[in-house]
Amino acid sequence: MPEPELAVVADRRGEIVAYTIGDDVSSRSIEGENPLYLPQAKLYRGSCALGPCLVPVAEAPDPAAMRITLQIQRGGAELFTDACSVADMQRSLPELVDWLWRGQDLPLGAVLSTGTAIVPPPELSLRPGDLVTIAVTGLGELVNPVELVDTGPRLSR
C-alpha cells in the first residue's frame, strides 16, 4: 500500500539541504502475517519511489506550510484520496534527522522518509493499472503506475 511521505535530504553532516516526495510502499500481505515482518514488507523491487526532483531548502516552502496529498485512481476514477499537513507531525524535521545521525554513521548523507498520517483502509489493495499520485505543496507530484513485477527467484550471474 502506498505511504505518501515528505522525504528529507541531509548532507554528510546531518544538515537538511533539500526535500522531495517519497512513496514508501508496503506489502500488506507480508506485513499482515506478523507485525514483526515490517522490514520484509518494505524490501522488494518497486517498494520505494522518490521524486520528481530535489527542491533545495532555500527554494522550498516552510515545511509547516506543506500539505501531503494521496490520490489512487483505478480505471480513471478516483478510488481513494486523503491529505495531511506536515505541521501536524509530532517531531520537527531537524529532530528526526538528529535522531538518525545519533544511531548511524552516514558519511555520504541520507534521505529520510518522515512517515505519514495517510493510511488507506485495510480492504483497499493496489492492482496493476492503478495510478498513485502523491503531491506535496511546493515540491510537485510523484506519479506512479502500479505494475505487476516478476517475483520469481533471482538467479546468480
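Compute the Cα gyration tensor for the stretch 4-145, then decide on rounded, prolate or oblate, letting a ≥ b ≥ c be the square roots of its eigenvalues: rounded whenever a/c is under 1.5, prolate when a/b is larger than b/c in the other cases, and oblate in all that remain.
oblate
With a sphere of radius 13 Å drawn around the Cβ of V55, what net charge do the other residues whose Cβ falls strictly inside it have (Lys, Arg +1; Asp, Glu -1)?
With Lys, Arg at +1 and Asp, Glu at -1, the net is -3.
Can you list the residues of the stretch 59-95 with backbone N under 19 Å from a point 7 Å past the Cα of R127, pointing along Cα to Cβ?
From the stretch 59-95, the list is 71-81.
If I stretch the segment between A65 and L148 completely, what's the gain in nm (0.36 nm per residue apart, minus their alpha carbon distance), one decimal?
26.3 nm
No value in this document is a laboratory result; all are computed from the given coordinates. All values derive from a computational prediction rather than experimental measurement. All Cβ positions, even for glycine, are placed from backbone atoms using ideal geometry, and neighbour counts span all protein chains on display.
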